[in-house]
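Everything below concerns the one structure shown next.
Bear in mind these aren't lab numbers, they're just calculated from the coordinates by the rules spelled out. The structure displayed is predicted, hence computed values, not measured ones. A quick note on method: Cβ atoms are made from the backbone with ideal geometry, for glycine too, and the neighbour counts reach across all protein chains shown.
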């Protein structure tokens, strides 16, 4: 491997250490229905998002809740010794993409058949810590010079 590729691979590994992601592939719910719940929890604190998902009656809520708990477990695996409450975790990014479609036929009048598309989706959920995102304020003296 060349030095350029090696350096890039090392940078990628370092960037992955600070990302806390959970994925769910081929979730058998339509992407539109799942996006409604994803939009409801995007940007919220983890505890508030868990509460919303626990008491929601939508079909995708239990699966999103389990995925969020998985992302929290991934965060704990990379941050041994830190507590979840002190780190101020939030849902940084949640993306619902369309997955594969199962195509079926439903009988229709006069010998015809209507096509039914049973949709699925892929969900990528990333959490982050608000404590890490706080930038240190720089003095205005450096700007004035």
> Expressed as a fraction of 2.2 N^0.38 Å, the rule-of-thumb size for a compact globular protein of N residues, what is the C-alpha radius of gyration of the chain?
Replying inline: 1.46
> Taking only DSSP H segments of four or more residues, each worth -39500 (n - 2.57), what value at 222 nm results for the chain once the sum is divided by all its residues, to the nearest 500 deg cm²/dmol?
Replying inline: -13000 deg cm²/dmol
> Relative contact order (percent) for the range 21-131, with alpha-carbon contacts under 8 angstrom and 6 or more residues of separation?
Replying inline: 41
> Going by alpha carbons, how many degrees (0 to 90, nearest 10) lie between the helix axis of 61-78 and the longest principal axis of the chain?
Replying inline: 30
> Where the centre of each part is set by its Cα atoms, how far does the range 65-106 sit from the range 11-58, in angstrom?
Replying inline: 5
>> Between helix 3-17 and the chain, what is the angle of the helix's C-alpha long axis to the longest principal axis, kept within 0 to 90° and rounded to the nearest 10?
In response: 80
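Taking only C-alpha pairs under 8 Å that are 6+ residues apart, what is the relative contact order of the range 1-68 in percent?
Details: 26 pairs, mean separation 21.9, N = 68.
Once normalised by length, the contact order is 32 percent.
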> What nm distance separates the two modelled labels at residue 21 and residue 45, each placed 7 Å from Cα along Cα→Cβ?
Replying inline: 2.7
